[in-house]
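Take a look at the structure set out below.
The values are calculated or read from the model by the stated rules, or taken from the named source; none is laboratory data. Since the model is a prediction, treat every value here as computed from it, not as a measurement. No Cβ is skipped: glycine too gets one built from the backbone with ideal geometry, and neighbour counts run over all protein chains shown. Each accessible area value is taken on the protein alone, full model and side chains, heavy atoms only, with ligands, DNA and RNA left out. Shrake-Rupley method; radii C 1.70, N 1.55, O 1.52, S 1.80 Å.
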Amino acid sequence: MRSDDTGAERRGRGGPWTAAGANLLLGVFAIFPAVCIHWLVTHYLAKDCAATGGAGCDQEPDMLGSFYLEAAAASGLAVLAMTVVVDFLMPRQEGWPLHTWLGMTVLIPVPFFAGLALGRF
């Protein structure tokens, strides 16, 4: 911080555009756990063989399920930790309005949904 910066100028840098950009960047990191969860929901559905009379139960279970589950959990926790730091601890330390940063957390899933809409996942 330069010596000629005042507290008002410093607080002014944490506005809504900064919060939106930071949360969209967090959303880029959140793509990996979202893709893992999407794969688990769409490709690794548990089949109840007794209810279907054994129909469709002749296939071996996919062994990638445990990998995707562990990857989603680990990367999801990392994204959650980054979100706490970026959206709660940083604004609080810098004196920026916390409600703006917490309100912009709704932008985190936007990159994943954009990729899903474009057919990338």
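Residues in the range 85-102 that are open to solvent by less than 70 Å² (accessible area, probe 1.4 Å) and in contact (Cβ under 8 Å) with a residue 12 or more places away in the chain: 9 in all.
Scan the range 45-60 and tell me whether some residue there is under 25 Å from residue 118 (Cα atoms), at pLDDT below 95, open to solvent by 40 Å² or more (accessible area, probe 1.4 Å) and over 16 Å from the mean Cα position of the chain (by Cα).
yes
The one condition from (1) in a helix (DSSP H, G or I); (2) aromatic (Phe, Trp, Tyr); (3) more than 18 Å from residue 29 (Cβ to Cβ) that residue 112 does not meet is (3).
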